[in-house]
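The values are calculated or read from the model by the stated rules, or taken from the named source; none is laboratory data. In this text, all values refer to a predicted model and were calculated from it rather than measured experimentally. Because the Cβ atoms are built from the backbone with ideal geometry, glycine has one as well, and the counts that use them run over all protein chains shown.
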Amino acid sequence: MTILGFLIPLALIMGLVGLVGFFWAMKSGQFEDLDGAANRILIEEEEEDSDDDARG
């Protein structure tokens with residue numbers, strides 16, 4: 001039963017740390033462009049390395 005005296009405050013502290021981290025991410029703009037990463041993976045970029053073309 002004494003373990004609950006340790007685990008409950010630990011769980012509350014961990015929840016508070018997670019909440020602070022979430023608000024920090026919101027404030028720093030981590031969730032501004034949710035579709036950008038999904039669209040970026042579909043766009044093919046041209047490589048500037050011309051060695052691949054020479055190999056044939």
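Scanning the range 24-42 for residues that are at pLDDT 85 or above and loosely packed, with under 10 Cβ neighbours inside 10 Å yields Lys27, Ser28, Gly29. Checked against (1) assigned to a helix (DSSP H, G or I); (2) modelled with pLDDT under 80, Val20 passes all but condition (2).
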